[in-house]
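The values are calculated or read from the model by the stated rules, or taken from the named source; none is laboratory data. Remember, it's a predicted structure, so these values are computed and weren't measured experimentally. Don't worry about glycine lacking a Cβ; one is built from the backbone with ideal geometry, like all the others, and counts go over all protein chains shown.
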Amino acid sequence: MTTPEITIATPADRSAVVATLVAAFVRDPILRHLFPDEETYPRYAATFFGNLFDKRVHRSSIWTIGGGASVAIWEPPAEDHQAAPVDGSTAHYPADVLARVQGYDDAVHAALPTYPFWYLGVLGTHPDSAGRGWGRAVMRAGLDRAAAEGLPAILETSKPGNVDLYRRAGWEVVGLLAEPVPTWIMQQQREGARLAEALPGR
């Protein structure tokens, strides 16, 4: 089966990208820590991912495939990671949710390196399109950009099973957050971009 073309997202892709990520992260430990209530998860998660999309879409650093069925939201190194909130505007959250989002935001940013890097903030595939290898394809697009600039890439994951998957794709653990959710900070040097094909379909 031919792999669809990888494209850089535009504002017109927002709805599809947000819908994909809300579905992809419905059981993610971090997202469920932030938004534990089943009834409000879809709305708050859509706000979360919509803000991430809005913040980065004009930087040409969001790659999609299959009409938004798989998406990688990358943050270029020019942005100040220590000052940039994970989810952008949080005005639509109640106080308890806002406190969790800001707490997680602060913890992650305190753990990120101070040197320049490309940051893979979100990688997700809609469950209906899982297993086709589209996740590794959109991830590789960002890794290629990082490699072209001679810079490492950074991500974090709160799923223990993902750690070995990413390791096989050339990533290595460089830090661990114990709170508020156990989270592994991983880095890939530019030569690791060639290993990304080893990541199983996602």
Every residue from region 133-174 that is surrounded by fewer than 20 Cβ atoms within 10 Å (Cβ to Cβ), among the β-branched types (Val, Ile, Thr) and under 16 Å from Tyr119 (Cα atoms): Val173, Val174
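Here's the yes/no breakdown for (1) crowded, with 17+ Cβ neighbours inside 10 Å; (2) under 17 Å from the mean Cα position of the chain (by Cα); (3) basic (Lys, Arg):
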site	(1), (2), (3)
Ala9	yes, yes, no
Ala12	no, no, no
Val18	yes, yes, no
Leu21	yes, yes, no
Ile30	yes, yes, no
Lys55	yes, yes, yes
Residue in region 92-107 that is in contact with a strand residue (DSSP E or B) (Cβ under 8 Å, 6 or more places away or on another chain) and either surrounded by 22 or more Cβ atoms within 10 Å (Cβ to Cβ) or of a type in the set (Val, Ile, Thr) (or both) present: no
Condition check for Trp63: in contact with a Lys or Arg (Cβ under 8 Å, 6 or more places away or on another chain), aromatic (Phe, Trp, Tyr) and not in a loop (DSSP other than H, G, I, E, B): no
Subset of region 121-162 [within 16 Å of Ile185 (Cβ to Cβ) and under 14 Å from the mean Cα position of the chain (by Cα)]: Gly121, Val122, Leu123, Ala153, Ile154, Leu155, Glu156, Thr157, Ser158, Lys159, Asn162
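What is the residue count in region 1-26 for residues that are of a type outside the set (A, V, I, L, M), in a loop (DSSP other than H, G, I, E, B) and more than 14 Å from Leu123 (Cα to Cα)?
Of region 1-26, the ones of a type outside the set (A, V, I, L, M) are 2-5, 7, 10-11, 13-15, 20, 25.
Now restrict to residues that are in a loop (DSSP other than H, G, I, E, B): 2-5, 10, 25.
Narrowing the set further to residues that are more than 14 Å from Leu123 (Cα to Cα) leaves 2-5, 10.
Final tally of qualifying residues: 5.
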Residue in region 111-132 that is modelled with the lowest pLDDT, counting only those that are surrounded by 14 or more Cβ atoms within 10 Å (Cβ to Cβ), in contact with a Leu (Cβ under 9 Å, 6 or more places away or on another chain) and not in a strand (DSSP E or B): Ala111
Some residue of region 36-45 being within 20 Å of Asp128 (Cβ to Cβ) and outside any helix (DSSP H, G or I): no
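Restricted to region 66-102, and to residues that are among the charged types (D, E, K, R) and part of a loop (DSSP other than H, G, I, E, B), which residue is modelled with the highest pLDDT?
Only one residue fits best here, namely Glu79.
Filter region 60-70 down to the residues that are surrounded by 14 or more Cβ atoms within 10 Å (Cβ to Cβ) and not β-branched (Val, Ile, Thr), then identify the one that is farthest from Trp134 (Cα to Cα). Let's see the steps before the verdict.
Filtering region 60-70 for residues surrounded by 14 or more Cβ atoms within 10 Å (Cβ to Cβ) gives 61-70.
Subsequent filtering for residues that are not β-branched (Val, Ile, Thr) retains 61, 63, 66-70.
Values: Ser61: 17, Trp63: 11, Gly66: 8, Gly67: 11, Gly68: 10, Ala69: 8, Ser70: 6 Å.
Checking each candidate, the answer is Ser61.
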